[in-house]
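The values are calculated or read from the model by the stated rules, or taken from the named source; none is laboratory data. Source: prediction; values computed, not measured. Using ideal geometry, Cβ is built from the backbone for each residue, glycine included, and neighbour counts are taken over all protein chains shown. We work out accessible area using only protein heavy atoms, side chains counted, and drop any ligands, DNA or RNA first. Shrake-Rupley method; radii C 1.70, N 1.55, O 1.52, S 1.80 Å.
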Amino acid sequence: VFMQGRCLEQLMEGFKMIKYEDLGLILLGADIKSKYYSYLLQLSSNDNRIVILSYIHPPKHLLLTNGCDYGVILYAPINFNNIYCAPNKIFEYAEFGLGQLLPEFPGISALNAEYSLGYTCDPLDPSSIKNALNNLIENDKEYYKNKSKIFLTNFPTLSDSYKKVLNGLIQ
């Protein structure tokens, strides 16, 4: 869902600095009745490569994700949750083998340094976003698919994680 802390304005500004005509940006999760949606439409109006779509209920949103080459996960550093909690999207995008644009936050940067899932950037700096996007698209899709497989192999499944937590609670 679109929220102000997702750095969508900075992402669009950074994306517009990239001049590849065959590269598009799909923003998924808009409430088409909101003022923020209207504002984002206005910001994107001078770049026909940017498409803004309304919210698609899970798991149907994965049909769109499956057709993408890259995934963007940006959060403004406005609270501890944004800075220190790795979003589930990292795992979702890895399941599809997508290269990822990630914020330069401690846990996420360390995870990316170990597994090379994509590139990190300052989510509040459009130039940093542009540079990371340029780096991201230089690697071919197979590179990210291979890195994602290694990442997912080294992490327990969600059901295994739940079992571990539940067993800890029971004991």
May I ask you to list the residues in the stretch 78-99 that are open to solvent by 30 Å² or more (accessible area, probe 1.4 Å), small (Gly, Ala, Ser) and touching a strand residue (DSSP E or B) at 6+ places or on another chain (Cβ under 7 Å)?
-> none
So which of LEU133, LEU102, LEU111, LEU74 ends up being open to solvent by less than 40 Å² (accessible area, probe 1.4 Å), at pLDDT below 95 and hydrophobic (A, V, I, L, M, F, W, C)?
-> LEU111
Out of the stretch 8-31, which residues are within 16 Å of LEU64 (Cβ to Cβ) and either open to solvent by less than 40 Å² (accessible area, probe 1.4 Å) or part of a loop (DSSP other than H, G, I, E, B) (or both)?
-> GLY24, LEU25, LEU27, GLY29, ALA30
Quick one: count up the residues across the stretch 32-51 that are free of Cβ contacts under 8 Å to residues at least 24 places away in the same chain, basic (Lys, Arg) and surrounded by 13 or more Cβ atoms within 10 Å (Cβ to Cβ).
-> 0
Quick one: which helices (runs of 4 or more DSSP H) lie wholly within the stretch 71-171 and hold at least 1 residues that are within 12 Å of the chain's Cα centre (by Cα)?
-> 89-95, 106-115, 126-138
When restricted to LEU63, LEU152, LEU133, the only residue within 29 Å of SER34 (Cβ to Cβ) and touching a residue at least 40 places away in the same chain (Cβ under 8 Å) is LEU133
Positions within the stretch 114-130 being within 19 Å of GLU13 (Cβ to Cβ) and surrounded by 14 or more Cβ atoms within 10 Å (Cβ to Cβ), in sequence order = TYR119, THR120, CYS121, ASP122, PRO123, LEU124, ASP125, PRO126, SER128, ILE129, LYS130
